[in-house]
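The values are calculated or read from the model by the stated rules, or taken from the named source; none is laboratory data. Because the structure is a prediction, the values reported are computed rather than measured. Positions of Cβ are generated from backbone atoms using ideal geometry, with glycine treated the same way; all protein chains shown enter the neighbour counts. The protein model used for the area step is the full one, side chains on, heavy atoms only, and it has no ligands, DNA or RNA in it. Shrake-Rupley method; radii C 1.70, N 1.55, O 1.52, S 1.80 Å.
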Amino acid sequence: MKFFIDTANLDQIKEAYDLGILDGVTTNPSLMAKEGITGEANIIAHYKAICDIVDDNVSAEVIATTFNEMIAEGEMLAALNPKIVVKVPMIKDGIKAIRYFSSKGIRTNCTLIFSAGQAILAAKAGASYISPFLGRLDDISTDGLKLIEEIRLIFDNYAYPTEILAASIRGPLHIIACAKLGADVITAPLPAITALLKHPLTDSGLATFLADHARASGL
Ligand code: G3P
């Protein structure tokens, strides 16, 4: 399973990359705004800065919502760096745009997926990734993990090459559940990823090992 970090914060991206387990980055307009990145020139510079940190898979979301504008914006974003994956919303013109980008060899991530039907359409259009938002489904008392399971079954039935990128992850248990269900990728905030490191028995076990070593060494 690939690990992406869901943030536009450069320090957090560096920290996750330095762990040696990071396969990519997902951003969205809200995450960019949260970092205070506004204006086209700053946004473009920020995408370039992210691409300088990681090896591949930097999702850059189009703001446009009509086919022609999405094509123009997506081609501009894709030309910034070969690591860019153009993130396109799950709307009718978005599906057309994904088909177009696919025919041009430009990778896409279809975002705001909340149903299996939407996932099928995006896969048929040739999306490289689809992003089901499981946390936001959980927020409205709908089982987000069930959607991941459903999409996995459907994609396996037809051997769709589109990768399931589980998004809107809220904590480490979501990550483990996605791994059990066969999600190809998770994208999560840094605290959810680093929470996987922690176990109280690891901490107490290490403290005991070090204390025993010090005692045996006469330290
Ligand atoms: O990047 C898209 C997705 O991960 C957003 O997550 O926490 O805003 O629901 P969240």
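Quick look at the numbers
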read-out	value
Matching entry among I151, I176, I193, I120 (being more than 15 Å from the ligand (Cβ to nearest atom), hydrophobic (A, V, I, L, M, F, W, C), open to solvent by less than 40 Å² (accessible area, probe 1.4 Å) and part of a helix (DSSP H, G or I))	I151
Test: residue in segment 6-21 that is farther than 25 Å from R170 by Cβ and among the charged types (D, E, K, R)	no
Residue count for segment 45-73, restricted to those that are touching a strand residue (DSSP E or B) at 6+ places or on another chain (Cβ under 9 Å) and more than 23 Å from I186 (Cα to Cα)	3
From the options S141, S217, residue that is within 16 Å of the ligand (Cβ to nearest atom) and surrounded by fewer than 11 Cβ atoms within 10 Å (Cβ to Cβ)	S141
T162, sole failed condition from (1) of a type in the set (V, I, T); (2) in contact (Cβ under 8 Å) with a residue 24 or more places away in the chain; (3) within 16 Å of the ligand (Cβ to nearest atom)	(3)
In segment 15-41, residue surrounded by the fewest Cβ atoms within 10 Å (Cβ to Cβ) [restricted to those that are in contact with a strand residue (DSSP E or B) (Cβ under 7 Å, 6 or more places away or on another chain) and among the polar types (S, T, N, Q)]	N28
Per-region count, segment 57-90, residues in a loop (DSSP other than H, G, I, E, B) and buried (at least 16 other Cβ atoms within 10 Å of the Cβ)	5
